[in-house]
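Worksheet: the structure to be examined is printed underneath.
The values are calculated or read from the model by the stated rules, or taken from the named source; none is laboratory data. Every value quoted in this text rests on a predicted model; they were computed, and no experiment measured them. Counting neighbours? That spans all protein chains shown, and the Cβs are built from the backbone with ideal geometry, glycine included.
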Amino acid sequence: MCTRRQTFVLSVLLLLSACHKQTEAPVKPAANHPQQPAAAKKVWVDYPNPETPLSPQAQLGKQLFFDVSLSASGKMSCATCHQPDHAYAPANNLAVQLGGPDMQQAGTRAVPSLRYLGFTPKFTRHFYLPASEGLEDEGPTGGFTHDGAVDSLSKQAAVPLLAANEMANLTAESFTERLQHSPVASEFIKVFGADALKNATLALEQAGNALESFQTEDYSFHPYTSKYDAVVSGEAQLTDAESRGFIVFHDPGKGNCAKCHIDRIGGGGRPAQFTDYGYEAIGAPRNSDIPANKNAAYFDLGLCGPARQDLSKETSYCGMFKTPTLRNVATRQVFLHNGVFKSLDDVIHFYAERDIKPEKWYPKVNGKIVMYNDVPKKYQENVDRFTAPFNRKKSDKPAMTEEEMQDLLAFLKTLDDGYRKTVKQ
């Protein structure tokens, strides 16, 4: 879950399509607290049918996605970390995954799911609501990866292909050389032309395009088969506990989740995406399981580096990471950008108790609790301490009771795919 200081939320969405995109006007979260998700007047069907054949480019992208020969180790593919039967996320509980030439090089961030990324807008430092909303600046929004460093699925694909601690090709030339000797080389030439492998930069770009086509066209990346979707389409009802959790999810004084994890139905009955694509600094505890964190001087500050360099001087962004979708969140085994939590229950309790029971979440050094210990002190003013459930002092009661937190957990589990086999067409 995530909360933000800003008053309104983003709802600019890009339509999943290999050929075109569209946007929607921003919307405010509902002021009331509904007990059941709003029913769609019609079920949105403007996305790939599971029976629709993939285009040749998408079929090539599927082959690339599972091809371990494209890595320096010969053992790693996109699917190694993004496993289809785990919502295209890791199947293990490692905080960060291992890759590189010897498959022993650790990453620095938890690997996200690749499901439901197709609506992600391009990164912008300042997103403004329309004049009717007062032109309020919503701050940084959009982009792919935890820090929004790239603006498309195709460019995102190049990140692990080249990263030294992932597929470790390091250069476009190294990648293209492996591609030339891979099982998909002939198909690559068939799709992109006889000269497709002669220019390394172009070959890497075309490989990214093929991978984007696969992720865009293939139904498994956006099935919308959760219980929540069944409720919206009139096929199911939330249980009492799930319904209470849904209320907590919306209540701005309790979970306040809907502030950032937008659950409004889109145009034509388009399913909710459960994110506003914004950024937030929540002060997650430092994770000692990440090898890079053994260096006390190392900090992953999200938007302002070190992975992203173009915003390094934007110190008001330091510590901010992108709000992920909550779809399939209960299937995960590690949570937040640094994988510091191993259960969704812990995440919910951290949100409710961060400033009330800091001793539970942060270490004690020389008898003093070191809060927000994964953010340098000079940037800790960026950590959200103003919006619920973070707007509490040590002497206050948590924004949620234990029962409410368990109800919220019950509701979040309704966002996992697999409740029904296919979406009604």
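Among the residues making up segment 63-107, those that are in contact (Cβ under 8 Å) with a residue 24 or more places away in the chain, in a helix (DSSP H, G or I) and crowded, with 20+ Cβ neighbours inside 10 Å are Leu64, Phe65, Leu70, Cys78, Cys81.
Here segment 287-332 is the region considered, the condition is being surrounded by fewer than 20 Cβ atoms within 10 Å (Cβ to Cβ) and aliphatic (A, V, I, L, M), and the residue that is modelled with the lowest pLDDT is Ala307.
Scanning segment 212-231 for residues that are at pLDDT 95 or above and hydrophobic (A, V, I, L, M, F, W, C), we see that the one that is surrounded by the fewest Cβ atoms within 10 Å (Cβ to Cβ) is Phe221.
Quick check on Gly208: is it buried (at least 19 other Cβ atoms within 10 Å of the Cβ) and free of Cβ contacts under 8 Å to residues at least 60 places away in the same chain? Don't jump to the end; show me each part of the working.
Values: buried (at least 19 other Cβ atoms within 10 Å of the Cβ): yes; free of Cβ contacts under 8 Å to residues at least 60 places away in the same chain: yes.
Here the answer is yes, as Gly208 does meet what is asked.
For Phe274, the conditions (1) closer than 23 Å to Gln380 by Cα; (2) among the aromatic types (Phe, Trp, Tyr); (3) touching a residue at least 24 places away in the same chain (Cβ under 8 Å) all hold with the exception of (1). Apart from one condition, Ala172 fits all of (1) under 23 Å from Pro306 (Cβ atoms); (2) surrounded by fewer than 16 Cβ atoms within 10 Å (Cβ to Cβ); the exception is (2).
With respect to Gly148, determine if the residue is part of a loop (DSSP other than H, G, I, E, B) and buried (at least 22 other Cβ atoms within 10 Å of the Cβ). Yes; evaluated as a whole, the condition is true for this residue.
Just a yes or no: is a residue in segment 277-286 assigned to a helix (DSSP H, G or I) and either buried (at least 19 other Cβ atoms within 10 Å of the Cβ) or β-branched (Val, Ile, Thr) (or both)? Before the answer, list the steps.
Restricting attention to segment 277-286, the residues satisfying the condition of being assigned to a helix (DSSP H, G or I) are none.
No: zero hits.
On the stretch given as segment 349-373, residues that are within 23 Å of the chain's Cα centre (by Cα) and part of a strand (DSSP E or B) total 0.
Report yes if Arg264 is among the basic types (Lys, Arg), buried (at least 21 other Cβ atoms within 10 Å of the Cβ) and either in contact with a Lys or Arg (Cβ under 8 Å, 6 or more places away or on another chain) or touching a residue at least 12 places away in the same chain (Cβ under 8 Å) (or both), otherwise no. Spelling it out, it is not the case that Arg264 is among the basic types (Lys, Arg), buried (at least 21 other Cβ atoms within 10 Å of the Cβ) and either in contact with a Lys or Arg (Cβ under 8 Å, 6 or more places away or on another chain) or touching a residue at least 12 places away in the same chain (Cβ under 8 Å) (or both).
Tell me the residue from Glu217, Glu173 that is over 25 Å from Arg270 (Cα atoms) and in contact with a helix residue (DSSP H, G or I) (Cβ under 6 Å, 6 or more places away or on another chain), please.
Details: Glu217 fails: over 25 Å from Arg270 (Cα atoms).
Step by step, each of Glu217, Glu173 is checked, and only Glu173 is over 25 Å from Arg270 (Cα atoms) and in contact with a helix residue (DSSP H, G or I) (Cβ under 6 Å, 6 or more places away or on another chain).
Selection of segment 232-255 for residues being at pLDDT 95 or above and either assigned to a helix (DSSP H, G or I) or assigned by TED's automatic domain parsing to the domain that holds Ala89 (or both) yields Asp240, Ala241, Glu242, Ser243, Arg244, Gly245, Phe246, Ile247, Val248, Phe249, His250.
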